[in-house]
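What follows is a single structure, written as structure tokens, with notes after it.
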Amino acid sequence: MKRLRRLSNNRVVEFCEDIIINILHCLPSKSLARFNCVSKDWHKYIADSSLSYSCRFRRWRPQPNLIGFFYQSWETPKRSQIRFFFSSNEVNNIDGSSLDESVNSLGRKRVYIVASSNGFLLCNDLTGVYYVYNPATRQSLALPKTQIDMTDPFVGFICKVDDPNKDVISFTIVRYVMPLVWEFLSTITIETFSSETNVWTANIKIFEPIGLWLPILDKKSSSTCGAIDGVLFWWLENGRHITAYDSVDKSFWALELPNDEEMVPRRSCYLGISSGALYFALNLGEAITVWRLESNIRSRDAVWVRIYKANVVSTILQCPEAYGLGVNALSLKEFGIVGSIGIKVQSMVIHPAIPHIFYLDVRGKVISYDLETDIAEFVHDFGEYWWRTQHFKLFAYEWHQWPRLL
Amino acid sequence: MASSTTGEKKILTLKGGDNEEFILEESLVLQSELLKNMVKEERVSSIPLPSIKSKTLVKIIEYLKKHAELTPSNKEEFKNFEKEFVNVVLEELLDITVAVNYLKINGLLEFCCQAVADRIKDKSVEAVRKIFRIESDFTPEEESEFRKETPEAFEGDLDDTTN
């Protein structure tokens, strides 16, 4: 099939199939998503996965790349500003410039990021409306108003592709508030949204805590750490248990933390998901210890196995200048203090696909740390006072070469 | 037909669409797969290219000359030349791309396609249809479904089809 182009002097130049396909292959995925509807031929060249020359066939990969992290400060006057950094220097030339613009346009909406999943962000604005946003295509979807007013609810967000031959995703959102004091048996009102029904539904659930505890609410941990096979997990800073919610059979339970002599729940501990498994990390400032949940994720009895232990600060101190921490370490030496005082891991995030890589916030600098090789790399400077950055929550952004659609 | 020679170098004549003639060294046109085959198999000395405008042909010959002079030491200069080369109105860039595709000059084709992609990547669907003279063959129902699903695809950068 050939498209003809009529020139001013009435001669006709042909745009043959190859030229169009060649040009399409040079376009960013974001543009392809919009040019899908130029004509039936273009739709075929771009999206027909049965054709080996189609853009979709060449770009589709089942596994996403981690491209970076979105973050937002909750406790500064500029708290609505959403920022982004790349997980390494190698990835930022993929589609970097256009992604940055996209983040800025998100920021102008005055929204807060609540959770991220599979390349999509769940955001919330001041009026309480939730949005699902796709940074790769700048598509955003405003959800219907929630039915129940909740102050600082716990939120869970699962985004997945049901049919591998289609680009459309389905998502589930869960929100609830914890009662302040636990009875032995307690009830929780939980509201869920499913993209299939497009409505919020409220349910009352019975939660079986393992004893009495007083959760300390904090913005940072109110969003889910992620989901495995429909089970969402939350962990409160200082909490003694992990909260689990099964979005399939709609039940709540509490999961014990690693039972280890070293284990002391503290603010800077971390719960995260990588490559389909749940990880808990103890942060002692200088050293970190990581456990993996070995038991079935639907099992009520947690079995944790310690897999990594590393003195990360001693590795970083071998060359603090490489991580932008040089001045700090030097001035400490001048005062006769040798060692790692002042240089501490403030918070951490696990790589969503590679469980032995953690991103550490060390005095406002983000450092990636490989727990298998003890190699540390400088990733990002928040450019803020270090004591502010410890409250930043990082939302992993996984980039699909082929954009998924809402 | 015998090819004419002056000294060591073979000379070839290309005839553009407006019957303008371009005389150049045969070695230059070997960068084009199409012309290379013509020269080698048929030993012609004059090749008519009625579908290519003279203006376009001038540009392409200019590129062939520059590319033949490319050495590791003037790489930077060549890159700048390439940048300038595609810095023409979109209509002209498309003419060049079509001609380069016809002549099968592979390296230049990739470069031109990337240049076209860079120009159109932010344009609206309507603008792209205008540029490539495409009539939408979707039914009005399908069309309105697209507009509902991806309204942003139809927004912005509408009439600016020339740059």
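The values are calculated or read from the model by the stated rules, or taken from the named source; none is laboratory data. Computed from a predicted structure; not experimentally measured. Don't worry about glycine lacking a Cβ; one is built from the backbone with ideal geometry, like all the others, and counts go over all protein chains shown. Heads up: the accessible areas ignore ligands, DNA and RNA and are worked out on the full protein's heavy atoms, side chains in. Shrake-Rupley method; radii C 1.70, N 1.55, O 1.52, S 1.80 Å.
Where a ≥ b ≥ c are the square roots of the eigenvalues of the C-alpha gyration tensor, would you call region A:15-59 rounded, which needs a/c under 1.5, or, failing that, prolate if a/b is larger than b/c, or oblate? Rounded is the answer for region A:15-59, as its axis ratio a/c remains below 1.5. Classified by the C-alpha gyration tensor, region B:33-163 has a prolate form. Its axis ratio a/c, with a ≥ b ≥ c, is 1.5 or above, and a/b is larger than b/c. Close amide H pairs (under 5 Å, H built 1.01 Å from N) link B:ILE52 with B:GLY17, residues at least 5 positions away or on another chain. Each of B:PHE154 and A:SER186 was given a label point 7 Å from its Cα along the Cα-to-Cβ line. The distance between the two points is 5.1 nm. Taking only Cα atoms of region B:63-118, what ratio of Rg to Rh do you get with Rh as the Kirkwood inverse-distance radius? Expressed as Rg/Rh, it is 0.97. Interface B/A, total buried accessible area with a 1.4 Å probe, nearest 100 Å²? Protein heavy atoms only, the B-A interface buries about 3000 Å². Please say if region A:224-310 is rounded, prolate or oblate, where rounded means a/c under 1.5 for a ≥ b ≥ c the square roots of the C-alpha gyration tensor eigenvalues, and otherwise the choice is prolate for a/b larger than b/c and oblate otherwise? It comes out prolate by the Cα gyration axes.
Looking at chain B, the accessible area is 55 square angstrom per residue; that uses a 1.4 Å probe and ignores ligands, DNA and RNA. Modelled this way, with points 7 Å down the Cα-to-C-beta line, the labels at B:GLU69 and A:ASP162 are 6.3 nm from one another. Relative contact order of region B:11-120, taken over Cα pairs closer than 8 Å and 6 or more residues apart, is 27 percent.
Couplings 3J(HN,Hα) of region B:38-47, computed from phi: 4, 5, 6, 7, 10, 6, 8, 10, 9, 10 Hz, in residue order, whole Hz [Karplus 6.51 cos²θ - 1.76 cosθ + 1.60, θ = phi - 60°; x for Gly and Pro].
Note on A:VAL303 and A:SER50: with the Förster distance fixed at 56 Å, the Cβ-Cβ geometry gives a FRET efficiency of about 0.80. Here the spin labels are modelled as points 7 Å beyond Cα on the Cα-Cβ line, and at B:LYS79 and B:ASP137 they lie 4.2 nm apart.
Note that region A:291-300 has calculated 3J(HN,Hα) couplings of 10, 10, 6, 8, 6, 4, 5, 8, 6, 7 Hz, one per residue in order, obtained from phi through the Karplus relation 6.51 cos²θ - 1.76 cosθ + 1.60 (θ = phi - 60°); glycine and proline are x. Between A:ARG388 and A:GLN81, the contour length at 0.36 nm per residue exceeds the Cα-Cα span by 109.1 nm. With R₀ set to 30 Å, the beta-carbon distance separating B:VAL89 from A:VAL129 gives a calculated FRET efficiency near 0.10. Computed in the context of the full set of protein chains, the accessible area of chain B at 1.4 Å probe radius has 50% of its extent on carbon or sulfur. Given a 1.4 Å probe, show me the residues in region A:31-46 buried by at least 30 Å² of accessible surface when comparing the whole protein assembly to the chain alone. In region A:31-46, residues shielded by partner chains: A:ARG34, A:PHE35, A:CYS37, A:VAL38, A:SER39, A:LYS40, A:TRP42. Annotation: amide H-H contacts under 5 Å for A:SER116 (H modelled 1.01 Å from N, sequence separation of 5 or more, or interchain): A:LEU122.
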